Amino acid sequence: MTENNYIYAPSEHPADKFRCKVPMKGTRQLFVIDGGVQGTAAPLSIKFDEGNCSDEILQVIGVRTSSGPKELSSESSFSFGQNSQGRLILCSHTFAEDPFITKEKIKISLAPNSSVDIVLMQNEHNDAEHISEFEIDIQRDASLRMVFLTLHGGKISNNIKVNLNGENASCDLNGLYIVDGKQQVRNLVSMNHKDPHCYSSQLFKGILDDASVASFSGLIHVWPDAQKTQAYQENHNLLLTKEAKVYSEPQLEIYADDVKCSHGATNGRLDENELFYLRSRGIPKKEAQLLQQQAFAYAVLDKISSEELKERMVSLTEQRLRGEFSKCKNCCKNCC
Amino acid sequence: MLNIKDLHASIGEKEILKGINLQVKPGEIHAIMGPNGSGKSTLSSVLAGRDTYTVTSGEIEFEGKNILELSPEERSIAGIFLGFQYPIEIPGVTNVNFMRTAVNEHRKAKGLEPLNAAAFLKIMREKMEVVEMNPSFSSRGVNVGFSGGEKKRNEIFQMAMLEPKLAILDETDSGLDVDALRIVATGVNKLKRPDNATIVITHYQRLLDYIVPDIVHILYNGQIIKTAGKELALEVEKRGYDWLING
């Protein structure tokens with residue numbers, strides 16, 4: 001990693017600076033406070049050098065505080081050099097109950113033969129609106145896996161544009177959104193297959209309670225030259241109440257004739273047969289329903305490659321589904 | 001232990017059980033036989049508390065208490081176990097998580113502390129041996145990708161974990177080859193105790209070669225039309241149901 005572009009969280013934390021009290025083993029933390037990197041206030045720009053294959057996970061924790069403006073626009077970029085391997089955890093939190101609007105542009109570019117793993121966790125309060133635009137460019141033989149976990153937030157919108165630019169580029173996009181109350185989540189995916197032999201898959205799952213609203217709109221666009229494309233898309237939603245609403249909109253635009261593409265969408269309720277089976281073994285209805293929801297979410301959580309992170313996210317998801325505010329074990333949430 | 005009096009149950013407008021009377025005492029094995037559509041599976045679902053069926057009249061007493069108002073989980077805690085004809089697949093819920101949750105709910109009801117992971121796994125391994133189940137099944141999703149035989153073994157394994165007072169085994173033999181049938185039946189026999197009882201629901205005599213009943217009932221059109229000893233099952237095997245229905 002290029003040092004200039006990479007500001008490590010200092011090992012000694014001044015009392016007034018943010019830090020994570022329960023960092024995961026093998027991770028480095030970097031804080032972005034109200035849009036600027038902690039320490040320099042500069043926009044975030046991370047470069048992984050050519051051939052860099054560190055096992056370390058870089059965790060970028062974006063925090064909104066009451067000292068920042070109500071409305072904020074920021075840009076950040078992540079670029080991965082040829083043959084590099086990178087692992088990122090991107091978190092966004094709000095640490096004040098003020099109404100926030102955050103507009104973010106995130107550029108992610110993968111040079112040929114790089115391999116990148118990103119887990120994104122969105123955990124904000126009910127008065128927070130967060131609009132993120134992802135522009136992702138994946139070149140020849142490079143592969144990206146991304147997991148979006150939208151656990152909490154007033155109005156969260158992820159606009160994800162992926163360009164597969166070069167043969168054998170691959171992108172595995174996954175998302176889990178859990179909404180209740182009047183929360184709203186929108187995921188807008190545009191997967192562009194521009195070259196032959198590329199692979200993409202999308203799996204987005206949502207659990208909606210109360211009067212929440214979610215939408216998923218996923219486009220697979222296969223360009224005329226992109227023969228031998230494989231592109232798959234699935235969106236499944238679990239509606240726990242009659243008031244919850246979901247809009248699921250798969251779109252396929254295919255201009256090549258030798259491709260494998262599929263999409264599927266379901267919106268449904270908890271399965272009654274499963275529920276009876278669980279209850280017949282002595283599990284109370286509420287716990288049984290929770291197990292069903294956890295099981296539903298698991299397919300997405302299972303895409304997290306770090307076992308430790310997966311365990312944490314499974315436990316955060318459980319807390320969230322139990323209606324508790326999700327935070328890591330022993331975390332005091334105020335990050336300082 | 002179980003006392004069913006003039007039980008009527010319907011699904012929607014359709015009456016399926018039309019006055020069932022049945023008494024089961026501790027230590028007994030009862031077999032309920034009958035042609036398709038006679039109400040066998042309905043009876044087992046109603047006993048387990050499935051709310052798709054409405055009990056329109058009659059009583060079900062279990063250990064002297066009316067259980068009609070109890071939820072499925074309360075009936076399980078009380079000691080009733082239903083072995084499903086078609087065990088449900090639950091992707092994402094592992095067998096171990098499923099059973100640990102269930103066993104700890106049973107323990108909680110008895111005022112016991114939840115089992116820790118090590119103690120639980122030990123018991124789980126012991127009980128899996130009862131049905132010759134491969135330990136690797138514990139980390140798999142409940143019944144997901146299990147063969148017919150494996151699913152039924154998993155039912156008996158769950159029964160072994162929960163140690164019910166009354167087990168109702170609904171068509172446990174359906175879809176089983178001879179080896180699986182032997183394993184399942186052996187499991188049931190191993191779990192037999194003087195203070196528990198079993199109701200075996202089946203189409204065929206075959207299972208009853210392995211699990212020998214004390215009493216055999218023939219269910220037809222929502223009523224028990226004949227009750228006798230185990231020889232009745234053999235007679236049904238030879239002569240079918242017609243002579244009972246028309247006789």
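Just so you know, all these numbers are worked out from the coordinates, no wet-lab data involved. Nothing here was measured: the structure is a model prediction, and the numbers come from that model. Cβ coordinates were reconstructed from backbone atoms using ideal geometry, including for glycine residues, and neighbour counts include every protein chain displayed.
Annotations
- Burial ordering of A:SER215, A:SER190, A:SER84, fewest other beta-carbon atoms within 10 Å first: A:SER190, A:SER215, A:SER84
- Relative contact order of the stretch A:197-257: 49 percent, from C-alpha pairs under 8 Å at least 6 residues apart in sequence.
- Partner chain coverage, peptide B:71-79 - average Cβ within 10 angstrom: 5
- Once C-alpha pairs closer than 8 Å and six or more residues apart are averaged by separation and normalised to the residue number of chain B, the relative contact order reads 28 percent.
- When the alpha carbon coordinates of the stretch B:13-152 are projected onto the principal axes, the ranges are 47, 37, 30 Å, largest first.
- All-pairs alpha carbon distance profile, the stretch A:3-285, 10 Å steps from 0, percent: 6, 26, 31, 24, 10, 2, 0
- Close amide H pairs (under 5 Å, H built 1.01 Å from N) link B:GLY19 with B:LEU7, B:HIS8, B:ALA9, residues at least 5 positions away or on another chain.
- Put simply, the protein assembly as shown fits an ellipsoid with semi-axes of 56, 25, 22 Å; these come from the alpha carbon gyration tensor as the roots of five times its eigenvalues, largest first.
- 222 nm mean residue ellipticity, helices alone, for chain A (DSSP H n ≥ 4; -39,500 (n - 2.57); rounded to 500): -4000 deg cm²/dmol
- Taking each of A:LYS70/A:LYS107; A:LYS107/A:LYS228; A:LYS205/A:LYS285; A:LYS245/B:LYS14 in turn, the alpha-carbon distance tops 30 angstrom for A:LYS245/B:LYS14.
- Cα-only Debye scattering, the stretch A:286-330: base-10 log of I(q)/I(0) at q = 0.16, 0.23 Å⁻¹: -0.41, -0.79
- Binned Cα-Cα distances of the stretch B:75-131, short to long, each 10 Å bin given as a whole percent: 19, 48, 32, 1
- For the stretch A:226-325, the mean projected area of the C-alpha convex hull, equal to one quarter of the hull surface, is 9.3 nm².
- Residues A:TYR255, B:TYR220, A:TYR177, arranged from fewest to most other Cβ atoms within 10 angstrom of their Cβ, appear as A:TYR255, B:TYR220, A:TYR177.
- Taking every residue in A:285-294 and counting other chain Cβ atoms within 10 Å of its Cβ, the average works out to 3.
- Most positive-pole-ward Cα, B:LEU232, B:SER138, B:ILE183, against dipole of chain B from beta carbon charges: B:SER138
- Cα centroid of the stretch A:73-149 to Cα centroid of the stretch B:193-247, whole Å: 65
- Springs between Cα atoms under 10 Å define the GNM used for chain B, and in it the highest mean-square fluctuation of B:VAL216, B:VAL55, B:VAL188 occurs at B:VAL55.
- Charge dipole magnitude, Cβ of K and R +1, D and E -1 - the protein assembly as shown, Cα centre, debye nearest 20: 1120
- Farthest toward the positive end of the dipole of the stretch A:286-330, out of A:LEU316, A:LEU301, A:LEU291, is the Cα of A:LEU316, where the dipole comes from beta carbon charges about the Cα centre.
- For B:85-92, mean number of other protein chain Cβ atoms within 10 Å: 5
- Candidates A:HIS197, A:GLN29, A:ASN165 compared by Cα position along the dipole of chain A: farthest toward the positive end lies A:GLN29, with charges placed on Cβ.
- Label-point gap, in nm, between A:GLU71 and A:LYS107 - each point 7 angstrom along Cα→Cβ: 2.4
- Longest to shortest principal axis, alpha-carbon extents of chain B, angstrom: 58, 39, 34
- Computed from phi, the 3J(HN,Hα) profile of the stretch A:199-205 under the Karplus parametrisation 6.51, -1.76, 1.60 (θ = phi - 60°) reads 10, 9, 9, 10, 10, 10, 10 Hz, with x in place of Gly and Pro.
- Highest mobility in the GNM of chain A, judged by mean-square fluctuation with C-alpha springs under 10 Å and restricted to A:ALA169, A:ALA226, A:ALA256, is found for A:ALA256.
- From most to least packed by mean Cβ count within 10 Å, the peptides B:142-148, B:127-133 give B:127-133, B:142-148.
- Lysine pair count for the stretch B:35-170 with Cα-Cα distance under 29 Å and sequence separation of 8 or more or different chains is 26.
- Simple Cβ-charge dipole of chain B, Lys/Arg +1 and Asp/Glu -1, about Cα centre, in debye nearest 20: 420
- Residue order, fewest to most beta carbons within 10 Å, for A:MET191, B:MET161: B:MET161, A:MET191
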